[in-house]
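What follows is a set of notes on a single structure, which appears directly below.
Throughout, read-outs are computed from the coordinates displayed, never taken from laboratory work. What you see is a predicted model; the values in this text were computed from it and never measured. Here the Cβ is made from the backbone with ideal geometry for all residues, glycine too, and neighbour counts use every protein chain on show.
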């Protein structure tokens, strides 16, 4: 039982072979903004095409931020244009403010996500606004969405929810108050981000359970990092308390340039392998996903790519077992 009286141990949700999760690929934004090299546009387009061909159906393709701050993502409008041609794909971008949201709506995206830090120090470093100022910015973005693009979903991602390398401890009560303020501001979903890789499974279970108590069905994605080797364990803990959307990055690219020591998103290939091995459907063809790494390598030659599953290879008969499980679930 936590300090709010919530007994999260009673919230563990057993899974069946009919369960499914949404894997939201963030490598084309979170990954590319964290490397020094800039991937050429045609390579980004080819990589997106391969990721989509693997079965991924939500991809964060870029960010509308000033090019001087993130030159790696200066071509986001062109990337969005290509992504919109991929059938069945939810095209998502990150926007830090009202101006970025306007650019995203003009580009025709399906979903935007806004980073709202639970740490004052990180918020000022990342977006140059306090937490309270960011809530008001989100409120303005929602109003703009309602007026111009009511079909676009607005997600708020609460970053540094599990601790901050700049500030230190981030109290759970503060995170949940911030989440409630964002729900009141009108966002569709609220996710939690382990920006600095400080989370562990018990903290994950406790905070995501608290989030669902605070905002109900608006409780959203888990954006977790593998900085200290707990990425998959934390994803499993989140799944056990009802989380069904998970951000991850092919090859483990990513981190946060404004949080010292933050590195390593959860690796998409390993996350898909874990869930599919459990009988939890992702809709992703793991073999095709691993093949998509070649497009990433061509676009970022020499950049280290991580992942235990791609290195070890999939087990024998994986293709037959995976196909049979999916056919059974669809029947």
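What is the Cα centroid distance between region 68-138 and region 226-241, reported in whole angstrom?
Going from one Cα centre to the other spans 25 Å.
Taking the Cα-to-Cβ direction at residue 287 and at residue 99 and moving 7 Å from each Cα, how far apart do the two end points lie in nm?
4.9 nm
What list do you get for 308, 198 if you sort them by fewest beta carbons within 10 Å?
Result, fewest neighbours first: 308, 198.
Can you sort 294, 276 from fewest to most other Cβ atoms within 10 Å of each residue's own Cβ?
294, 276
How many nm is it between the label spots at residue 174 and residue 151, if each spot is 7 Å from the Cα in line with the beta carbon?
Taking the simple label geometry, residue 174 and residue 151 are separated by 4.1 nm.
Assuming R0 = 35 Å, can you tell me the calculated FRET efficiency for the pair residue 303 and residue 236, based on Cβ-Cβ distance, to the nearest 0.05?
My answer for the efficiency is 0.80.
What share of the DSSP beta bridges in the chain is antiparallel, in percent to the nearest 5? Spell out each step's value before the answer.
Values: 3 of 35 bridges.
DSSP beta bridges in the chain are roughly 10 percent antiparallel.
Would you calculate the separation in nanometres between label points at residue 311 and residue 106, each defined as 7 Å from the Cα along the Cα-to-beta-carbon direction?
Using points 7 Å along Cα→Cβ, the separation is 4.5 nm.
Taking only Cα atoms and a 10 Å spring cutoff, compute GNM fluctuations for the chain and point out the largest among 249, 277, 24.
The residue with the greatest mean-square fluctuation here is 277.
Which of 306, 239 comes first, and how do the rest follow, when ranked by fewest Cβ neighbours within 10 Å?
Details: 306 17, 239 23.
The most exposed by this proxy come first: 306, 239.
Relative contact order for region 8-330: what percent, with Cα pairs under 8 Å and sequence separation of 6 or more?
Normalised by residue count, the contact order of region 8-330 is 22 percent.
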